[in-house]
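> Structure below; questions to follow.
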Amino acid sequence: MTVSEEVARPERGQVFHLVIRPTGGWRSLDLREVWRYRGLLGAMTRRDITLRYRQTALGVGWVVLQPLLAAGILSFVFGQIARFESDGVPYVVFAYTGVIGYNAFSSTLTFMSTCLVTNAALVSKVYFPRIILPLAQIGSKLVDFAVALVLYLVLNLAFGVGFHLSMLTLPVWMALAYGMALGLGLLTSAANVSYRDVGYIVPVVLPLLLYLAPVAYGIEEVPTNLRAVYRLNPLVGMINGFRWCLLGRGSLELGSTVYAIVFTVLIIVGGTLYFRAHERRFADVI
Amino acid sequence: MSSKAPSSEARIQVRGLSKRYEVEGERAGLLSEAIVRRLRHPLRGQKESFWALQDVNLEVGPGEVLGIIGKNGAGKSTLLKVMSRITEPTSGEVELRGRLGSLLEVGTGFHPELTGRENVFLNGAILGMRKPEIQRQFDEIVDFAGIDRFLDTPVKRYSSGMYVRLAFAVAAHLSSEILVVDEVLAVGDIEFQKKCLGKMHSVASRAGRAVVFVSHNMNAVRDLCTRGVVLDSGRVVHDGETVDALHCYVDLHQHRSTAPGVFVLEDRTNNDDHEGRLYLAKLVVEDADGPTATLRTGRPAAITVHCEGLPKPDEVFTRFHLRNELNEIVLASDTRMAGPDAEVSGQVVTFDLEQLPLLPGRYFIDVGLGMKKTRAVLDQVASAGTFEVSRDDQYGADYQQYPQDGSIYLAPRWRQGTAAATPPVTPRGG
């Protein structure tokens, strides 16, 4: 944070030498410093996973139940009532593949946006690269994702969807989901330190995005004249990609995929810069 | 500055360090409010600020235990926060030679749902320890905390004492070359506090470590620190011997004395606790010959409190505390103690001590006014006045005083006991 110079003095071997000075302007991410604190990142991640999966039997159950319920409701509304197309697979499975991608993004972002404020005691008492806190949210969400994925395999087998080569691209879509969440999480968590209502705005806006992205319906259902505007939502390419990857059918839209990738890169860079610029004030304001 | 290790060897060097805080606008607010504010006053920035630290220069060498003392808001915690990189300085710099570890407020970074074992690793990581480092010292930490039976119990079931012990044990085993301790010894039982102080002694004496210690416990500062720094309004006003620092600290509290034994309290600013108006005007310490700065053990003395502008003097009580150099209250009195019939309410009240029961040393007087009915505080001044009890042969026995003699003077009524049943005590002399 406040390191402007750090030199291991060769003549004294391991002696840690540090000069703390005021810094100004935009700062790049000090990856070496983050790496030095990888132990803390690990410990925080373990803490969250332990807490989530130990506390209650329902904790694990909830991880399985939540996406299943969401997919069930969406398939009832869109499949049974609105009777949308589902690429020839049962609507529950169709909706579930959208929910999986959407959840990976939204649950990570939700926890990231408040992580600095919930850990205010740590932020104002101990030094560590603050970016550790949002990063530490990813681990337990990845475990949730793995559980949801296992459930998908069960659905896949039960409904005979079959396995496809497209499944090998899963890491790409995961990188997009977690990358977008991280970039936006860095922005919102830093903003939430100064403006507490950001923590309330995020959970209000996220469910709206659920309907503005192809979670419960395919892109084909969107009127052609609106698609250009619709595709401004970077979640479109990411969620469509998840579905294409998991179902092995439908179409992979090149334009929205490239747009999602560019957006992810830009939001990570922008989020990091914003976070780093505001980091030095966290302890004073929080 | 005082004599120190040569600067190239210092563990901590603070040079011209200043820190400014914005009073308004820096605190957490609402985004919506901020937007509205910006729309209403597009050009006005929030400018009000104050300096928490001003041009602080310090050095802490290896093996030193530096005590930092000062009133609330003097900048002690800010200084530690800058040193430990929690907040950035506004100007100046701090140079550290060695890893810095902080002894945190108890339980920071502990999670109640996790077991003792899990919390040791989590807390160690938060304090900057590596996993193998924690593993190596794990048994020692558990042993020091004395919680081995409850290692796999969630810490939410721990007693507060166990909690404190475990938290301290982790931090005490930090292998950093610089240790920062901020007012953590205020909790825990006496036994454990002693153990912690002992551990800190050994930490500091272990080759080349430096400890920075902030506390309001003057006993702890006196016993532990090899050097003392006094901060006042963000500036270093003393840097040197611990004992001198303690004296300097108590002097800071003192109010203006116009003549020996006369303390004028009128030109107080808002830094003392009071509700609304200022009523306490003057405090006078007297012996048989009038106002004085020096009293003598066993001789008459009087403390007079003058008030101004009291609306209903009859409904007001006055009280005072006497504190010794270690900030401990040694005695107190209150006009209500004289009973409802004693007419001691009013603008001027005097407390008479026929025989001053205090041993030689420096004493400080806190005075306060309150409403008899509601017990509400009207006005109070900490360390409104001070006096010295002069070194004197008060026992008439050529006795050398020990620090452990306390503050209270008792006539030395000793007599020879016998192995047989003891007769009832009768005062000698009269």
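No value in this document is a laboratory result; all are computed from the given coordinates. The structure displayed is predicted, hence computed values, not measured ones. When we count neighbours, we look across all protein chains shown, and the Cβ atoms used for this are built from the backbone with ideal geometry, even at glycine.
> Would you list the P(r) distribution for segment A:145-218, with all Cα-Cα distances sorted into 5 Å bins from 0 and each bin expressed as a whole %?
In order of increasing distance, the bins hold 3, 11, 13, 21, 19, 13, 9, 6, 3, 1, 0 percent.
> Note down the net charge around A:ARG249, summing +1 for each Lys or Arg and -1 for each Asp or Glu among other residues with Cβ under 10 Å from its Cβ. Don't jump to the answer; show the numbers that get you there.
On the way: positive: A:ARG243; negative: A:ASP87.
Cβ neighbours under 10 Å give a net charge of 0.
> Along the principal axes of its C-alpha atoms, what lengths does segment B:257-392 span, in descending order and rounded to whole Å?
Principal axes ranked by extent give 43, 36, 27 Å for the Cα atoms.
> Of the listed pairs A:LYS125/B:LYS76; B:LYS76/B:LYS131; A:LYS125/B:LYS19; B:LYS312/B:LYS372; B:LYS19/B:LYS81; B:LYS19/B:LYS76, which have alpha-carbon separations greater than 22 Å here?
Details: A:LYS125/B:LYS76 14 Å; B:LYS76/B:LYS131 32 Å; A:LYS125/B:LYS19 17 Å; B:LYS312/B:LYS372 11 Å; B:LYS19/B:LYS81 10 Å; B:LYS19/B:LYS76 12 Å.
Among A:LYS125/B:LYS76; B:LYS76/B:LYS131; A:LYS125/B:LYS19; B:LYS312/B:LYS372; B:LYS19/B:LYS81; B:LYS19/B:LYS76, the Cα-Cα distance tops 22 Å for B:LYS76/B:LYS131.
> Would you calculate the separation in nanometres between label points at B:LYS199 and A:LEU65, each defined as 7 Å from the Cα along the Cα-to-beta-carbon direction?
4.3 nm
> Placing +1 on the Cβ of each Lys and Arg and -1 on the Cβ of each Asp and Glu in chain A, which of A:PHE145, A:LEU187, A:PHE78 has its Cα farthest towards the positive end of the resulting dipole?
Comparing the listed Cα positions along the dipole, A:LEU187 ranks first.
> So what's the angle, to the nearest 10 degrees on a 0 to 90 scale, between helix A:235-247 and the longest Cα principal axis of chain A?
Tilt of helix A:235-247: around 60 degrees.
> Something else about it: For a footprinting-style exposure proxy, rank A:LEU69, B:LEU356, B:LEU66 by other Cβ within 10 Å, fewest first.
A:LEU69, B:LEU356, B:LEU66
> Within a Cβ distance under 15 Å of A:CYS115, other residues only, what is the Lys/Arg minus Asp/Glu net charge?
Values: positive: A:ARG47, A:ARG52, A:ARG130, A:LYS141, A:ARG196; negative: A:ASP48, A:GLU279.
Here the charged neighbours net out to +3.
> Shifting gears a bit: Apply the a/c threshold of 1.5 to the C-alpha gyration tensor of chain A and tell me whether it is rounded, prolate or oblate. Present the calculation step by step, with values, prior to reporting the outcome.
Values: a/c = 2.18, a/b = 1.91, b/c = 1.14.
Taking the square roots of the gyration eigenvalues as a ≥ b ≥ c, chain A is prolate.
> Something else now. Let me know the charge dipole size of segment B:283-377 about its Cα centre in debye, to the nearest 20, where only the beta-carbon of Lys, Arg (+1) and Asp, Glu (-1) is charged. Don't skip to the end; give the middle numbers.
Working: 10 positive and 14 negative charges, 65 e Å.
Dipole about the Cα centre, nearest 20: 320 debye.
> Moving to a separate point now. Top mean-square fluctuation among A:THR110, A:THR169, A:THR23, Gaussian network model of chain A, C-alpha springs under 10 Å?
Sorting by GNM fluctuation, first place goes to A:THR23.
> From the Cα gyration tensor of the protein assembly as shown, with a ≥ b ≥ c the square roots of its eigenvalues, which class applies: rounded if a/c is under 1.5, or else prolate if a/b is larger than b/c, or else oblate? Write out the running numbers ahead of the final one.
Details: a/c = 2.45, a/b = 2.20, b/c = 1.11.
Cα axes put the protein assembly as shown in the prolate bin.
> Would you please name the trypsin sites (Lys or Arg not before Pro) within segment A:51-129 that are DSSP coil residues with at most 14 other C-beta atoms within 10 Å of their C-beta? Don't jump to the answer; show the numbers that get you there.
Values: sites: A:ARG52, A:ARG54, A:ARG83, A:LYS125; in loops: A:ARG83.
In loop regions of segment A:51-129 (DSSP not H, G, I, E or B), the sparsely surrounded trypsin sites (Lys or Arg not before Pro) are A:ARG83.
> If you fit an axis through the alpha-carbon atoms of helix A:170-194 and take the longest principal axis of the Cα set of chain A, what angle between them do you get, 0 to 90°, nearest 10?
50 degrees
> Continuing with this model, one more query. Any idea what angle helix A:254-279 forms with the longest principal axis of chain A, computed on alpha-carbon atoms, 0 to 90 degrees, nearest 10?
So the inclination is approximately 30 degrees.
> Can you list the chymotrypsin sites (Phe, Trp or Tyr not before Pro) in segment A:86-140 that are in a DSSP coil and have 16 or fewer other beta carbons within 10 angstrom? Kindly include the intermediate steps, with their values, before the conclusion.
Values: sites: A:TYR91, A:PHE94, A:TYR96, A:TYR102, A:PHE105, A:PHE111, A:TYR127; in loops: A:TYR127.
Sites meeting the loop and neighbour criteria: none at all.
> For the protein assembly as shown, what is the mean residue ellipticity at 222 nm derived from helices alone (per DSSP H run of n ≥ 4: -39500 (n - 2.57); sum divided by total residues; nearest 500 deg cm²/dmol)?
On the way: 20 runs with 279 residues, N = 716.
Here the helix-only value at 222 nm equals -12500 deg cm²/dmol.
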